[in-house]
Amino acid sequence: MSFDEEESFEHTLLVVREVTVYKIPPRSTSGGYKCGEWLQSDKIWSGRLRVVSCKDRCEIRLEDPNSAELFAACFIYPGQRESSVEPALDSSRYFVLKIEDGNGKHAFIGLGFNERNEAFDFNVALSDHNKYVSRENEKEASEKNATDSLIDIHPAVNHRLKEGETIRINIQPKPSSGTGMLSAAALSGVVLKPNTLCLVPPPADSGKIRSPLPPPPNDPAAARMTSTSQSVGQRAPTENTRQTDPLTNFSQLERNLPASGSGPRKTTASGWAAF
């Protein structure tokens with residue numbers, strides 16, 4: 001918030017309930033004021049002190065604690081703190097204020113605090129106001145610089161064609177002989193054929209369909225297939241035992257042989273004939 005926007009706002013920085021105001025003699029030396037030269041009989045007023053920040057100006061107001069009536073005021077403008085508030089040389093609790101009546105007249109009075117902590121807070125309040133003014137000035141300067149940087153110093157240039165003005169563009173024709181693989185193939189007369197897709201033949205047992213999952217235990221079709229395979233396996237050995245080798249079956253051979261006249265035929269072993 002800038003100072004112009006805070007013109008009607010006041011910030012109270014410090015309130016001290018009781019201070020003492022003295023009538024001080026003229027400065028004896030160029031070094032400064034000494035509170036030891038002030039007499040107790042020179043005490044002219046006692047009351048409340050308020051430090052108020054108004055815009056970029058700080059005011060030290062001496063007011064009546066009961067009626068809030070203004071007794072005197074000291075105005076501190078930027079850069080004029082040393083000339084408006086001057087500390088005493090021989091004590092940290094005493095100061096000399098430059099008061100004004102608003103008509104261009106001013107006078108110097110002595111100000112005394114009862115405690116050192118109050119005098120310390122008084123100095124801190126004045127320093128806080130100076131820091132606040134410095135921050136606001138830097139903020140306004142940065143905002144002004146940012147605004148100035150956004151301004152384009154180059155005027156806008158009109159690039160539109162004027163009436164009757166034309167533009168001529170020269171476009172080079174493409175060369176008849178192309179470059180690259182396609183052009184080279186066309187020039188050489190080679191016809192590029194797309195790659196044929198080769199399929200791998202199916203495996204030998206592709207006729208059998210294998211189920212990726214076993215059948216459920218209560219499936220009737222699976223039970224019939226299992227019983228059929230078992231019956232075929234049981235009949236196969238019986239049929240194999242019934243079939244005999246023709247080389248070992250001699251019944252047909254004996255029938256075809258002629259009968260011997262020398263005597264009865266003797267059988268030496270089962271299945272063999274003696275001649």
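Here Q80 meets the list (1) touching a Ser or Thr at 6+ places or on another chain (Cβ under 8 Å); (2) more than 21 Å from F9 (Cα to Cα); (3) open to solvent by 20 Å² or more (accessible area, probe 1.4 Å) almost entirely, failing just condition (1). Can you confirm whether D101 is out of contact with any helix residue (DSSP H, G or I) (no Cβ under 6 Å at 6 or more places or on another chain), over 19 Å from L14 (Cα atoms) and of a type in the set (D, E)? It is true that D101 is out of contact with any helix residue (DSSP H, G or I) (no Cβ under 6 Å at 6 or more places or on another chain), over 19 Å from L14 (Cα atoms) and of a type in the set (D, E).
Does at least one position in the range 83-101 carry a residue that is on the phi > 0 side of the Ramachandran plot and modelled with pLDDT under 90?
So the first thing to find is which residues in the range 83-101 are on the phi > 0 side of the Ramachandran plot, and the list is none.
There is no residue in the range 83-101 that is on the phi > 0 side of the Ramachandran plot and modelled with pLDDT under 90.
Taking each residue of the range 110-121 that is open to solvent by 10 Å² or more (accessible area, probe 1.4 Å) and looking for partners that are in a strand (DSSP E or B) with beta-carbon atoms closer than 6 Å, six or more apart or interchain, yields E118/V16; D121/L14. Among the conditions (1) among the small types (G, A, S); (2) within 20 Å of K105 (Cβ to Cβ); (3) in contact (Cβ under 8 Å) with a residue 24 or more places away in the chain; (4) surrounded by fewer than 16 Cβ atoms within 10 Å (Cβ to Cβ), A72 misses just one, which is (4).
May I ask you to list the residues in the range 11-41 that are more than 21 Å from S83 (Cβ to Cβ) and surrounded by 12 or more Cβ atoms within 10 Å (Cβ to Cβ)? Answer for the range 11-41, where residues must be more than 21 Å from S83 (Cβ to Cβ) and surrounded by 12 or more Cβ atoms within 10 Å (Cβ to Cβ): H11, V15, V16, E18, T20. Within the range 9-48, the set of residues being within 23 Å of L126 (Cα to Cα) and of a type in the set (D, E) comprises E10, E18. Within the range 49-73, the set of residues being in contact with a helix residue (DSSP H, G or I) (Cβ under 9 Å, 6 or more places away or on another chain) and farther than 25 Å from N137 by Cα comprises just one member, L49. When we screen I60, I44, I99 for residues that are in contact (Cβ under 8 Å) with a residue 12 or more places away in the chain, open to solvent by 70 Å² or more (accessible area, probe 1.4 Å), aliphatic (A, V, I, L, M) and part of a strand (DSSP E or B), the only hit is I44. Pairing residues of the range 163-180 that are modelled with pLDDT of 80 or more with residues that are in a loop (DSSP other than H, G, I, E, B) and exposed (fewer than 10 other Cβ atoms within 10 Å of the Cβ), at Cβ distances under 8 Å and at least 6 apart in sequence or on separate chains, gives I167/L161.
The values are calculated or read from the model by the stated rules, or taken from the named source; none is laboratory data. Predicted, not measured: the structure shown is a model, and the values here were computed from it. Note that each Cβ is placed from the backbone with ideal geometry, even for glycine, and that neighbours are counted across all protein chains shown. Quick note on the areas: whole protein, heavy atoms, side chains included, nothing else; ligands and nucleic acids left out. Shrake-Rupley method; radii C 1.70, N 1.55, O 1.52, S 1.80 Å.
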